[in-house]
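The values are calculated or read from the model by the stated rules, or taken from the named source; none is laboratory data. This one's a predicted model, so the numbers in the text were calculated from it and none came from an experiment. Don't worry about glycine lacking a Cβ; one is built from the backbone with ideal geometry, like all the others, and counts go over all protein chains shown. Ligands, DNA and RNA are stripped out before the accessible areas are found, and what is left, the full protein with its side chains, is counted by its heavy atoms. Shrake-Rupley method; radii C 1.70, N 1.55, O 1.52, S 1.80 Å.
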Amino acid sequence: MQAQQTKRELDSLLSILPVEINSTKTFNKLMLIDFGQFQTYNQLDKEYLRQENQFSSAVKWAMKYGNEELVIKAKLALFFFYSANRKDELSIEKGTELLKFENSLTEDEMLKLVLRLQGTYKSIEAYNEIVKLLPYLEKYVYNKMDLGLEEPRKSAELGWAFFHTRNYAAAAEQFLAEANYFDKRNLSKVVVASMINNAGLSYAKIGNYEKAKESYTLALIKLNEAEVGSDKLNSKEYISYFKEVVLGSSAEIDFKNGNYESALPVFKRLITLSRSPDIKDKFKEHQSQFFVSEIYSNMNYPSLALKYLDSAATNVENITDRRIKIEELRGKIYLQLGDTNASVAVFRNAQRLSDSIQQVQISRDNMVAQAKYLSLERDKELDEIKEEIILKDKLNKYQWYAIFLSLFLIAIIGYYYFISLRSNRIINGQKVNLEASVKEKEILLKEIHHRVKNNLQVITGLLQLQSKKTDSPAMLLALQDSQRQVNSMALVHEMLFQQEDQSLVPMSTYLTKLTNQLLYSLSSKNITAKTSIEETIELSINKAIPLGLILSELLSNTYKYAFDENEGLVTVALVKNAPFMYTFKYSDNGKGLPSNFNMKSQKTLGFRLLHMLAEELGGEILIDGISGLKIEVNFKDENSNG
């Protein structure tokens, strides 16, 4: 009968019951309803207020006159009511409270409770809470499904939860688990390729480009094995399109490494294919347009860059990470076009959007923390109800002469319990506030790196504008050198903003990307660079910035003085010698230094700058100018990853 109820029948039943549930009869009738058939109302609607009062009063009645079972049943009904009406904070509060009473609920009730909580966390993008919900999902959802695909559903769910919480290594593991499940059972090769591609995206997020490229290659192999089917996912058109999507994922790595010529045609093909009637993938279309715009900007074609950026901005929501990136790139392009006023206005708008997103994230985190804190308070109320019920049962067994003694003892216990309860509430409240404060400070630190990066980009643009106005070759060289030095500092802050750890810089990614960017800006000579940096080395920002400035100065000097011809080889290396001890090595196969060269007697700005930067590192610089230039800087970083 319960399963046959419709939403209209449920509303009719609730309208017959009184607004205030105050008897066993009305309580039992209320508990007969099918919780899955709740109507969704506006929170100011009279019917919403009526039903909320019915379920709230049922909880109060059960707490006063019922037992633990009735209290939990009433709270479960109230949870489903709030969940159906999208009252997220109240749903999280009630749901988290009910999870503590797992043993008092049926398996079906736990399954519905866990799925509703999972849906609420998804809707507010609280993916870290979904990860915490995993033990319940495994016990009541994944392990109970008889669909034959429970494991891949579990792996996909976890993969995206880990991805959105920036635990990219765990995300890659889950995506590959799903791909392996489908592949072993010879199921859809398109799904296999999709999950392997997702794993590649996860590896790319942590800078492991080698594994990412391997994943993309394997995804293409699986797509070549795919059999054409009648559904859209396995159609010939979609398989061809998804091959280009995988190539686009690989092109993102080429783009990050400065290989613009190889990445550009891939993104242009994706724009065309994503618009086709059989595909219509707006997200991929706009993403590809953005990459093309950024490539043209880096290649110093601002007019083309602005054209593609305007297309990418179409239909993008006003407050999203994508909108912020679009506005930041627009500000950079305006600087390249010489429109400083428009650039400053756009950067300010991007900052306002960023502040809005950060505020939404802080509010979300505070909402979840507050709901969990209130849930703990409700747990204590249920514990108090338990004690009251046990006490009633015991009082019926004792003689009257023992009642007074029992009451006296209860009063003493209650007094100390009250003191303990009050202390625990204060501690729990302080803990919630402290967690919210730490989260807010992490967001603020990330925002500082973001703003510093934007300010350095503005400075670079101003230097670029000034270089276009000068007729002095010496002044032009000085301005270009300054641009490169500022860019090397901006790159550090950009990487810190994009990663979870705000204190350490992954040097393999930083030095490789910086080398490629500098060589691209010095493209009039065919200079090849070879980098050898241990992937595990992560340095503090105080060591990474001067090291980047040293590399920038050395590459600039190599470009100017090392090669009479237009070809040459540069080698950049960073090795770890002992815990917290490192050696930076730089060499070129140019004409080297004069035989009478003496570092201490040099008065040129370049060598003085190298000496000052080595001192800032707290290290020692060694120079060998025979058979090309060889430079070593030995230094210590106690704040590195060891």
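Before moving on, here are some points about what is shown:
- When the stretch 543-642 is described by a simple charge dipole with +1 on each Lys and Arg Cβ and -1 on each Asp and Glu Cβ, the residue from T571, L617, G642 located farthest towards its positive end is L617.
- Amide proton proximity set for S235, modelled H, under 5 Å, gap of 5+: G229
- Accessible-area value, T531, 1.4 Å probe, nucleic acids and ligands omitted, Å²: 50 Å²
- Taking packing as the residue-averaged number of other Cβ atoms within 10 angstrom, the listed peptides 219-228, 201-210 run from highest to lowest as 201-210, 219-228.
- Label-point separation in nm, K29 to T314, each point 7 Å along Cα→Cβ: 5.9 nm
- Computed from the C-beta positions of I427 and N103, the FRET efficiency with R₀ = 22 Å rounds to 0.25.
- Trypsin sites (Lys or Arg not before Pro) within the stretch 232-298, DSSP loop, no more than 15 other Cβ atoms inside 10 Å: K232, R275, K280
- Residue order for T217, T165 - accessible surface, 1.4 angstrom probe, largest first: T217, T165
- Heavy-atom accessible area with a 1.4 Å probe sorts R166, R50, R348, R608, largest first, into R348, R608, R166, R50.
- Pairwise label distance in nanometres, E534 with E261, each label 7 Å out on the Cα-Cβ vector: 3.5 nm
- Of the residues S123, S556, the one with the largest accessible area comes first in the ranking S123, S556, computed with a 1.4 Å probe on protein heavy atoms.
- Accessible surface of D281 - all protein chains present, 1.4 Å probe, nearest 10 Å²: 50 Å²
- Potential lengthening between N53 and E138 on full extension [0.36 nm per residue; Cα-Cα distance subtracted]: 27.1 nm
- Label point distance in nm, K636-S472, each placed 7 Å from Cα along Cα→Cβ: 4.3 nm
- Rg/Rh (Cα only; Kirkwood hydrodynamic radius) as it applies to the stretch 503-636: 0.95
- A full extension of the chain between N526 and V575 corresponds to an added length of 15.0 nm, given 0.36 nm per residue minus the alpha carbon distance.
- Computed E for F597/L337 - FRET, C-beta separation, R0 56 angstrom, nearest 0.05: 0.80
- For the listed peptides 190-198, 538-546, a ranking on the average number of other beta carbons within 10 Å per residue, highest first, reads 190-198, 538-546.
- Legend: distances between Cα atoms for K205/K636; K469/K560; K468/K630; K284/K513; pairs beyond 30 Å are K468/K630.
- Net length gained if the chain between E89 and N224 were fully extended (0.36 nm per residue, minus Cα distance): 43.9 nm
- Sites S276 and R185 - FRET efficiency at Förster radius 30 Å, r taken between beta-carbons, to 0.05: 0.45
- Counting heavy atoms of the protein chains alone, D564 has an accessible area of about 130 Å² for a 1.4 Å probe.
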